[in-house]
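Q: Take a look at this one; I'll ask things after.
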Amino acid sequence: MVKICCIGAGYVGGPTMAVIALKCPSVEVVVVDISAPRIAAWNSDHLPIYEPGLDDVVKECRGRNLFFSTDVEKHVAEADIVFVSVNTPTKTRGLGAGKAADLTYWESAARMIADVSKSDKIVVEKSTVPVKTAEAIEKILTHNSKGINYQILSNPEFLAEGTAIKDLFNPDRVLIGGRETPEGQKAIQALADVYGQWVPKERILATNLWSAELSKLAANAFLAQRISSVNAMSALCEATGADVSQVSYAVGTDTRIGPKFLNASVGFGGSCFQKDILNLVYICECNGLPEVANYWKQVIQINDYQKSRFVNRVVSSMFNTVSGKKIAVLGFAFKKDTGDTRETPAIDVCKGLLGDNARLSIYDPQVNEDQIQRDLTMKKFDWDHPTHLQPMSPTSLKQVGVVWDAYEATKDAHGVCILTEWDEFKGLDFQKIYDHMQKPAFIFDGRNIVNAEKLREIGFIVYSIGKPLDKWLKDMPAFA
Ligand SMILES: NC(=O)C1=CN([C@@H]2O[C@H](COP(=O)(O)OP(=O)(O)OC[C@H]3O[C@@H](n4cnc5c(N)ncnc54)[C@H](O)[C@@H]3O)[C@@H](O)[C@H]2O)C=CC1
Ligand SMILES: O=C(O)[C@H]1O[C@H](OP(=O)(O)OP(=O)(O)OC[C@H]2O[C@@H](n3ccc(=O)[nH]c3=O)[C@H](O)[C@@H]2O)[C@H](O)[C@@H](O)[C@@H]1O
């Protein structure tokens, strides 16, 4: 029986390994982590992450050929294939701070593999890492090898949160990079055989190591670039009276461009887009390519601009101040169908509003108060470390209330900001909301999910990203 061990039981390690266990009943899969609470949650009825369909997959295999354990060393020692899916945060200090990937967790995992291994192993990079990381890992493993043969593969993950199980069941492609040696090719084949149990052969792509590593960074950069492109257009739409949804549709019907990933928004969030682009920028700079670095930097700059543009719209529309005003924030997660708040645009928007002294009442169906308070008080990039190593959050912010109901959040509010596109927000009774709000009542839709015309009929003043402006907003300076 092939034994797989995955180091890191997070958003990637957990779902990916659960699907491998489901699709390959003859493979034993153990997911290990240094975080005991996380492993306990994986072994309980309340999994540590919310992901549609995940519960069913885990229930079917857990205890059969899927196990979660804190006994990292034992399971690594026994495995034939070791996936490493640990955090690769942005460095916060030292060389490359604010850009380069911090490979501390990766390196310590590699050293541990070298320490405990007694048999040959295929070591798979599942985390997103800088190009050439495999070379560093290879050095750590071979310098401590005790005659053991290691093959390093790069097998980046392309799942998106909220659709992880769907993406894993039916991936556009599985990318496996390895050394161009007979041993390297054999290792690629061994991993391809695992995926081959449910992924069609033609979707399993084999490349060299560096192409696989770089393809992951490139794919995220391209995806984020589409969003920044459409968000840049959204600003121009507002200035000219064009409608960004119509522009996106018209542009996306060109088969060379395609319709996906062209929704204007308050900005992209999530644990990876910004981190991976910063990493790409750093790699370009290190390779003496400042023009290429600056090109990709712009994707992040437009994203930051979009978030601050949104805050400015809110403040300037409400008589240039939100001081002391109650603002309801609907949605805090970085997208719908996840409880994940890492790099969510809601953090920057809320901080911007708090900077103007607003009182916030936040509701998200999947995010609790503790998480929101932590997010609003934590330093940039600190979130991307294993939970038990993150600094304790300081005292909570008094101006921020977190409630479990959209109607409660909006009661007596002066304005409502929609920051996540949860389906339930589309079905809210906006007449009821309007009736219980201060007047004039404002809605700022950062996700373009409400029917602005209907809301205007009720009496709201509505701002929707990239849409022709409400008469009220036209008369207000956008960047006061
Ligand atoms: N979240 C996502 O949707 C995607 C993430 N990725 C990449 O996958 C990697 C992991 O991301 P997530 O799963 O989101 O992170 P995560 O933070 O949810 O999980 C990482 C886990 O690794 C554990 N860990 C860290 N060091 C360890 C060690 N030495 N030994 C054992 N466990 C250790 C942590 O305790 C944590 O539970 C990152 O490189 C990320 O860029 C790639 C594709 C999608
Ligand atoms: O490496 C990763 O971590 C993953 O990053 C993204 O997945 P994810 O961040 O989970 O979610 P996306 O659906 O890509 O959304 C990212 C952000 O962009 C925003 N977005 C997305 C699409 C769009 O048209 N407009 C838009 O603003 C979302 O609301 C969200 O805040 C990629 O889609 C995955 O392929 C990749 O594996």
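Taken together, the values in this text are just the output of simple stated rules run on the coordinates, not laboratory data. Every value quoted in this text rests on a predicted model; they were computed, and no experiment measured them. Cβ atoms come from the backbone with ideal geometry, glycine included; neighbour counts cover every protein chain shown.
Q: Net charge near T341, counting Lys/Arg +1 and Asp/Glu -1 over other residues with Cβ under 10 Å of its Cβ?
A: Result for the neighbourhood of T341: -2.
Q: Would you tally the net charge around W210, using a Cβ to Cβ cut-off of less than 15 Å, leaving W210 out, and scoring K and R as +1, D and E as -1?
A: -2
Q: So how do L278, L153 line up by other beta-carbon neighbours within 10 Å, fewest first?
A: L278, L153
Q: Follow-up. Helix 104-116: angle to the longest alpha-carbon principal axis of the chain, degrees 0 to 90, nearest 10?
A: Helix 104-116 sits at roughly 20 degrees to that axis.
Q: As a check on your grasp of the helix formula, calculate [θ] at 222 nm for the chain: sum -39500 (n - 2.57) over DSSP H runs of n ≥ 4, divide by the residue count, round to the nearest 500.
A: Result for the chain, helices only: -13000 deg cm²/dmol.
Q: Another one. Please report T341, T90, T181, T420 as a ranked list, fewest other C-beta atoms within 10 angstrom at the top and most at the bottom.
A: T181, T90, T341, T420
Q: Would you grab the residues whose amide H sits under 5 Å from the one on F444? Only those 5+ places off in sequence or on another chain, please, with H modelled 1.01 Å from N.
A: V416, C417, I418, Y463
Q: Could you work out the local net charge near W296, counting Lys and Arg as +1, Asp and Glu as -1, over the other residues with Cβ closer than 15 Å to its Cβ? Each step should come with its number before you reach the end.
A: Details: positive: K99, K216, R226, K275, K297; negative: D276, E285, E291, D304.
Neighbour charge sum, excluding W296 itself: +1.
Q: Could you state the number of Å between the C-alpha centres of the range 332-380 and the range 7-78?
A: 28 Å
Q: Please get the size of the charge dipole for the chain, origin at its Cα centre, with Cβ charges of +1 on Lys and Arg and -1 on Asp and Glu, quoted in debye to the nearest 20.
A: It comes to approximately 700 debye.
Q: How many angstrom lie between the Cα centre of the range 399-424 and the Cα centre of the range 158-213?
A: 42 Å
Q: Additional query: Working from Cα positions, state the angle (0 to 90°, nearest 10) between the long axis of helix 133-143 and the longest principal axis of the chain.
A: Rounded to the nearest ten degrees, it is 30.
Q: Obtain the radius of gyration and the Kirkwood radius of the chain from its C-alpha atoms and give Rg over Rh.
A: Dividing the radius of gyration by the Kirkwood radius yields 1.00.
Q: Can you put S234, S228, S44, S108 in order of Cβ neighbours within 10 angstrom, beginning with the fewest? Present the calculation step by step, with values, prior to reporting the outcome.
A: Working: S234 27, S228 22, S44 10, S108 14.
Listing S234, S228, S44, S108 from fewest to most nearby Cβ atoms yields S44, S108, S228, S234.
Q: Roughly what angle does helix 209-240 make with the longest principal axis of the chain, taking Cα atoms, 0 to 90 degrees, to the nearest 10?
A: With both axes taken from Cα atoms, the answer is about 10 degrees.
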